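Down below is the structure, laid out as C-alpha cells.
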Amino acid sequence: MWNVYLPPFKAAIDAGAETVMSAYMDLNDVPATGNRWLLHEVLRDEWNFKGFVVSRPEAKIGSNIEVSVDVTNTGSHSGDEVVQLYIHQRAGSASRPVRQLAGFQRVNLTPGATQSVHFTLRKTELQFWSPLSKRWVIEPEQFDI
C-alpha cells in the first residue's frame with residue numbers, strides 16, 4: 001500500500017492540495033472513507049494535512065457523501081467554534097442560493113487542541129422545493145462543497 005496507493009495522495013498534499021477524496025479501496029474490511037488509521041494517523045498526523053476530505057467526487061442521486069475537516073484552536077484560550085458546511089448547486093431548473101448551509105457542528109477546543117468534524121450529506125440536504133412541480137426535487141447536477 002505504501003508503494004502503490006499512497007504516493008499519489010502524498011504528492012498531492014506536498015503540492016498544496018486543500019481537498020482530498022479518499023480512495024474506494026478497503027483496508028482490513030474497512031472502507032478507506034471510514035478508516036481512522038488512513039484518515040487520521042497517516043493523512044492528518046503523519047502528513048500534517050489540514051484541508052478537508054470528501055468520500056467521493058460524485059454520487060448517485062440518493063447516496064450519501066461524507067465530508068470531514070480538522071479544526072484546531074491556535075489561540076491561547078479555550079473556546080467554541082461552529083464549523084459550517086455549505087453547498088452550491090452549479091446549474092439546475094431553479095435558482096439556488098450561492099451558499100446553502102447544509103450542516104453545522106459546535107465544538108469546544110482547548111488551546112492547541114484539534115478535533116475532527118464529520119458531516120454526512122444526504123438527499124435531504126441536496127433537495128429543494130420546486131415551485132414548478134410542487135414537490136421536493138433532487139437534480140443530477142454538480143455541487144460545490
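Only Cα pairs under 8 Å and 6+ residues apart enter the sum, and on that basis the relative contact order of the chain stands at 21 percent.
Each of the peptides 107-117, 127-137 was scored by the mean count of other Cβ atoms within 10 Å over its residues; in descending order, highest first, they stand as 107-117, 127-137. Note on the chain: Cα Rg divided by 2.2 N^0.38 Å, N the number of residues, gives 1.19. Segment ASN48..LYS123, full-extension length gain: 23.8 nm, with 0.36 nm per residue of separation and the alpha-carbon distance subtracted. Taking the fewest neighbouring Cβ atoms within 10 Å as the starting point, the ordered list for SER95, SER68 is SER95, SER68. Taking the Cα centroid of segment 58-80 and of segment 103-145, what is the distance between the two, rounded to the nearest whole Å? Distance between centres, Cα-based: 11 Å.
Under a model in which nothing but the beta-carbon of Lys, Arg (+1) and Asp, Glu (-1) is charged, segment 51-130 shows a dipole of about 400 debye around its Cα centre. Mind giving me the FRET efficiency for LEU132 and ARG106? R0 is 30 Å, r the Cβ-Cβ distance, nearest 0.05 is fine. Computed FRET efficiency for LEU132 and ARG106: 0.25.
Here, each number is a calculation from the coordinates, and none is a lab measurement. Given the structure is predicted, the values throughout are model-derived calculations rather than measurements. As a convention, Cβ positions derive from the backbone with ideal geometry for all residues, glycine included, and neighbour counts pool all protein chains shown.
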